[in-house]
Every structure is written in C-alpha cells, then in structure tokens.
1. Could you work out the per residue convex hull volume over the alpha carbons of segment B:60-129, in cubic angstrom?
2. Highest first, please rank the peptides B:103-111, B:53-61 by the mean number of other Cβ atoms sitting within 10 Å of their residues.
3. Scan around A:Thr78 for amide H atoms under 5 Å from its own, H built in the peptide plane at 1.01 Å from N, and keep only partners 5 or more places away or cross-chain.
4. Calculate, in nm to one decimal, what A:Ala57 and A:Trp92 gain on full extension: separation in residues at 0.36 nm each, minus their alpha carbon distance.
5. Quick check for me: using +1 on Lys/Arg Cβ and -1 on Asp/Glu Cβ, what's the dipole size of segment A:1-108 about its Cα centre, in debye to the nearest 20?
6. What distance in nm lies between label points placed 7 Å from Cα along the C-beta direction at A:Ser68 and B:Ala137?
7. If you take each beta carbon of peptide A:38-49 and count the beta carbons of other chains within 10 angstrom, what is the mean?
8. Let me spell out the model: positive unit charges on the Cβ of Lys and Arg, negative unit charges on the Cβ of Asp and Glu, origin at the Cα centre of the protein assembly as shown. What dipole size does that give, in debye rounded to 20?
Amino acid sequence: MRADQVRGHLDLLLLSVVADGPAHGYGVISALRERSGGEFDLPEGTVYPALHRLERAGLLVSRWADESGRRRRLYEITPDGTAALAAQRRDWQAFTEGVRAVLGPRLREGHAT
Amino acid sequence: MTDDVAGPVDRYLDRMFDLLAGSGGAGRRALVEVEAHLAQAVDAELAGGASRIEAERRAVARFGPVRTVASGLLAADRSGIGSMLRRVVAAGWLVGGVGMVVIGLSAPLVWAVGRLFGKDLVAPDQPGAHYTAARCAELFEYFPHAGSCRAASIAHHFTEEVRNRIVAGVLGVLVLAAFWLIRRTRRRWLARFRPFTQVPPTRVLVAVAATAFGVVSILLTGQGLDALMIGQRTSAGANLASGLVSAVAFATFLPPLVRDLRLPTT
C-alpha cells in the first residue's frame, strides 16, 4: 500500500497499536509493519510527528523510560484516546462496508473472469 | 558534532539538530527519540549481519528525509497562532537588540568622521536653515565658542547624534541582557515572560538579521554617497558610517547563512 494512503489513516493505526500497551516509536512502527504483514512500510520518521500531534491533542501521554541503558519515550493511550479510537473504528468500519458494498460485485466479477 | 569520522547516523542527527534549532524542549525531546530509534534500527541491522556503515545507511534511509521528518516534528509541536506570534516577538526582541547594539557601535565611527572631516558631515542641519534668536541664544549656551549660530547648532546636533547612538547601544545591551536573564531565571515573576523568548529556528534568525543589515547597509551607504555626489554634506557622514557598520553586521551573519543554504536538503 502506498505511504500516502496509509498516512490518511495514521492516527487510527497508531492509536490502535498504542491501545495494546505502552510503546515507543520504534516499537510502534515495528508493530505496524508486523501487524500489516509488511503492507504498511512507512518511512519510520513519519511516526514521530504523528505521535507528538496525538499527544498534543490529549489522545496519548508519554514519559521517559530507560530500556537496556537507552532513554526512550513511551507512549500510552488516554481515556480520550480510547474514546477517539472507538469512534474512528466505527467510522472506518462504516466506510469499508460502504466501499465493499460498491466494489463487491465488480470485485467478484473480476475474480470470475 | 560533525567530524571526519562521523557516520550516516551522526550526520543525520547533526542535520536534524540544525533543523530543530530554536524549537526548545520539544525539539530536544524529539532529537533524543530519533537518536534512540536510529540506534535500535542500527542494532537490528547489525544483528542481521550488515556492516556498521551499511547498518547506519539503511537505518537512516528507512527513517526518511531529514527535512521531511524535522518539518513534520516542528509542525506537530507547534501550537498555533499564539506560539507563532510569541516567536515573532522573540525574533524582534533579539534582532532589535542586536540592531541597537550595532547602532551603538557606530557611535565612535560617527564621532571620528565628525572630528576628522567636519561636524556638518554628521549633523542634520541644512545649509541656509533659519534659527530664531531664542534658539541661537540657547545653542550659544551649550557652545559659547562657536563662531556662528549655525556652527553652534551643528556642534550641538553632532553631540546629540553621537550621544543618541551610545544610548541606543547601551539600551541594546540591556535588551539582550534581559532576554538572556529571562531565559535562565528561576524567579517565577520573571519566568512568566519566558514564552516570549522562544525564538524561531536559528537559520530563520540569521536570514532575517542578514537581510535586514544588508538592506540597511545598501540604503544608508547609497544615501550617503548620493548626498556627497550632489555636494550636500548634511548627514552624509552619519549615513556612510551607519552603512559601514551595518555592512560589518551583514558580513558577520553572512557565513552562517551561506553555510545553511549550502547544507544538503536530505
């Protein structure tokens, strides 16, 4: 999938990864890559502006943590972030169902030919 | 610090540091995060069997163009119009302070021009200006040995010109000292003004200062030369001296400006 397509949904994806537990930037991008089966292979640096923006919006909080002698910034989801994630999931689900409904028959036709 | 043995990661971080300059705590934190990320990415590449240099190259390439990431970070940590206005105030404060100091530095030069080539080259008195009797009496009180009312006026305005420049220089030093003090103070009442000392990135300040001093230098020097060419001495020396000092200030800001303009874009 193209990076700009992923970027449009980056907030949803990041909130979803961080909702599973505190994570630092490297962990978040690794999880995105693994969970998407390598489909979401963004430039890794793009994740930090998004994390900072989500923190400014109050959807994430962060703190310093030492991990194997390295200082890392750990991000956690806030209650507002959890609510935003739930809302964005609902929107995404409605959107994908709509797209599938429109493309579905054609997709099936395409498979058949 | 960049040196001959700096690898791709160090060079990337140096560039990131430059691009985030002036972004305060948010920029510093971002830099620490990026450094930790790249270190972990390099470790992963090394574990996969890559050489050190190749591991660093891949980690940097995967991270993305430094300008894109830095501008994304700056945009994400920006807090809107209020923050922007505070940065404009801070930039005006700093560049204005430096400008006042530069005016102060022109005082000895203006004084020397007046002493060597005539005070009328500095004073703004127009030839043929009319002075009232009361004004003449007042001017002769300041300069009783002046040969004429016009000479007394020129001597008075010459002294004023030099004195005003010294005052501007001293005020400039105080303005810059206040800026420095507010950034470092632990006193709460003074620290309230700290948001107004959050300057834009250094490269922006340097570009603004170089442009301002360059333009002022050209205008004043041109004005001074033009006046001399048409045989009008009034203020010509003062303008030329100010133009020269502005040119020196411009030359001071030019190397860092050129250095930044020559930096790679990725």
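1. Numbers: hull volume 13.1 nm³, N = 70.
It comes to 187 Å³ per residue, whole-number rounded.
2. Working: B:103-111: 20.4, B:53-61: 18.6.
Listed from highest to lowest mean packing, they are B:103-111, B:53-61.
3. Hits under the 5 Å cutoff: A:Leu60, A:Val61.
4. Numbers: separation 35, 0.36 × 35 = 12.60 nm, distance 2.02 nm.
That pair, A:Ala57 and A:Trp92, stretches by 10.6 nm at full extension.
5. Working: 16 positive and 14 negative charges, 40 e Å.
The calculated dipole for segment A:1-108 is roughly 200 debye.
6. For A:Ser68 paired with B:Ala137, the spin-label model returns 9.2 nm.
7. 6
8. Numbers: 45 positive and 35 negative charges, 143 e Å.
Magnitude of the dipole: close to 680 debye.
Where a number appears in this text, it was derived from the coordinates with a stated rule and is not lab data. All figures in this text were calculated on a predicted structure; none of them were measured in a lab. When we count neighbours, we look across all protein chains shown, and the Cβ atoms used for this are built from the backbone with ideal geometry, even at glycine.
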